[in-house]
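I have placed the structure first, in the form of structure tokens, so that the comments after it can refer back to it.
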Amino acid sequence: MKQSEFADHFIIRRLRERIILTPRRWKRMMMLLMDIVLLLAALWGAYALRLSDWFPAVTKERLILAVFALVVAIPIFIRLGLYRSVIRYLPEAAIWTIIRAMMIATMCWVIIIFLMEMAGQGIVPRSVPFIYFFLGTFFVGSSRFAAKWILSAGTGMRRDEEPVFIYGAGASAAQLARALRGHGNRYVMGLIDDDPSNHGRDIGGYRVFPPSDLAGLIDRYGIKEIILSMSSIPQDTRQAVIARVTGLGAKIRSVPDISDIVDGRYIVNQIREIEIDEILGRSFVPADKNLLTRAITDNVVLVTGAGGSIGSELCRLIATWRPNKIILMEANEYALYQIEQELAQRDGPSIVAVLGSVTNERLIRRTIREHGVQVIYHAAAHKHVPLLEENILEGIQNNVFGTLTVARIAAAEKVKKFVLISSDKAVRPTNIMGATKRWAELIVQQVALETRSTPMHQTFCAVRFGNVLGSNGSVVPLFKRQISKGGPITVTDPDMTRYFMSIPEAAELIVQAGALAEGGDVFLLDMGEPVRIGDLAANMIRLAGFKVRDDANPDSGIAINVIGKRPGEKLFEELFYDRENAKPTLHPKIMMADSVPIVTSDLTLHLNDMRQALDEENHEGARALLFSLIGTWDNDESQSMQSEAI
């Protein structure tokens, strides 16, 4: 770099630093004074160009008109926000605000000129206001974009900084704004607050705006992100705020409550995405510590399918409630390694990783005997509906005979408690996955009935619930990947509805349901109201800061494409065969189906027939057997429920 270029670069950098360090109040005053000078220059230029005289005469009338031009223009500039903008982040669209401000100011000035001419105070050439408008727009606009160039271009300024707003005006919002001032790649433009008494005030040096101004503020400043600093407010209020700010074209982020932040760690490191479960409207019920203690503490616990979404979360929960030992059983080597490494880093119970399938009888028996297993959570299963439609025999082998193997050996080895993780697809199933889970429920009820006659009290039960957000194979991770690639999102049917709950909530309720079991129970987790898949997709698009591309917005955003239902999919899922017969339990989020196992068919005979179909690799025969037993059994169960009701 030449010495002259280096000197220019140094001067610009020093000028930029000096401007940035100047208090915002003084920067606004400098902008206002500059506009006064530029407007006077524009007025002088208008007369000079019109009269072809670079030194037009300065008369009393022209001085009065110049004063009126400033008196009119400056308040209009203030009203339209020309002095609220942060020049470093001035968007190109700001030129339209400048044009509008100059146009209004010029029109008001023309009215004053007309009134003065009516009073005999001189005549102004008609072209002067037009020239004044164009020169004023050019001077004011150029000054701002020139200042933006000085503050950002070629001066070493970080170009990854993005303008953001913070939603909230309390102590946590002020602390967050201060932390962001020197860290991260965000620049706080201001605060948003619902309290009208805060509107227009400055808190910590930041202007507070009403939520109604958000759409205009996003367009004016090119806002990329809105950070919610309001975790301590009631959940329903929080959901209303999230619903209000989604769809405005900015990403939504959140920070935890101040009391949850570890001392010495910057609050900026705690900023996270808003999760979809935060807008589903589910009410939260704290876990019953007595139930969790009863189910886990001082027990040796085996979790099958420990590397899956539910299985791994169960392991994390169990590890915090002081069991004697946790045995992780998983057929996927990498998934087992991940959860084993995660739990091994904690200060907790001893961890044993067992690699293998739940259909391996010798492995199951050896594991239970060697470690003295007392509680089993059976989460191992194939769950992907379309894949199981194409792999019927493997689905039956793993979901039906895997459950049979673990349950029978658990009964023989005197395991105290066995909890099957079932699915809402087991209710009136139309696909292989749901049918195999219904068979698994029936197997557990059958084993529960058989163990009632033994002297040692053993409890076998099933817990039935819907989809969990973020689980392997669920629509939420799929939608996230599609959004990250710019879309489109693909849905099988936008009117399809599904039940959803978070993985941690599901794990807590599973363990608590197991503690409530008396034997043969099928527990139903309260999933709230079903969610329309089309609405879920649209909400995820808006949370990511995009708009939905549809008939009303055909040229931008992310589209939602309908691809049609896949084999075996139902338009809606059910948790109950008969909701009226669901019984409450001690936990408000856990209900129970008829707790008395109903055995009117020879399950063992059907299992032998199914084993033969698998040995013969008879796909159609296996499918027919799968659904024929369910039809017979569920009809008997429905009739029994009706007779009990009578």
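Tabulated data for the structure shown
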{"quantity": "Sparsely packed trypsin sites (Lys or Arg not before Pro) within the range 281-371, loop by DSSP, other Cβ within 10 Å at most 11", "calculated": "Arg346"}
{"quantity": "Estimated inter-spin distance, Ile563 and Asp615, nm [label 7 Å along Cα→Cβ]", "calculated": "4.0"}
{"quantity": "Cut-off under 5 Å, modelled amide H: who pairs with Gly190 long-range", "calculated": "Ile166"}
{"quantity": "Built amide H within the under 5 Å cut-off of Ala353, gap 5+", "calculated": "Leu328"}
{"quantity": "Backbone HN-Hα couplings from phi across the range 508-520 [Karplus 6.51/-1.76/1.60, Hz, Gly and Pro as x]", "calculated": "4, 5, 4, 5, 5, 5, x, 5, 8, 5, 10, x, x"}
{"quantity": "In nm, spacing of pseudo-spin labels at Leu478 and Thr293 (7 Å Cα→C-beta vector)", "calculated": "4.3"}
{"quantity": "Spatial separation of Cα centroids for the range 339-405 and the range 415-459, in angstrom", "calculated": "15"}
{"quantity": "For Ile203, distant residues with modelled amide H under 5 Å away", "calculated": "Val208"}
{"quantity": "Protection proxy ranking, peptides 603-613, 424-434, average beta carbon neighbours within 10 Å, highest first", "calculated": "424-434, 603-613"}
{"quantity": "Of Lys289/Lys417; Lys383/Lys583; Lys547/Lys589; Lys251/Lys289; Lys383/Lys480; Lys417/Lys589, pairs whose Cα-Cα distance is over 25 Å", "calculated": "Lys383/Lys583; Lys547/Lys589; Lys251/Lys289"}
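Every read-out reported here was derived from the displayed coordinates using simple, explicitly stated rules and does not represent laboratory data. Just so it is clear, the model here is predicted, and its values are computed rather than measured. Note that we place each Cβ from the backbone using ideal geometry, even for glycine, and neighbour counts take in every protein chain shown.
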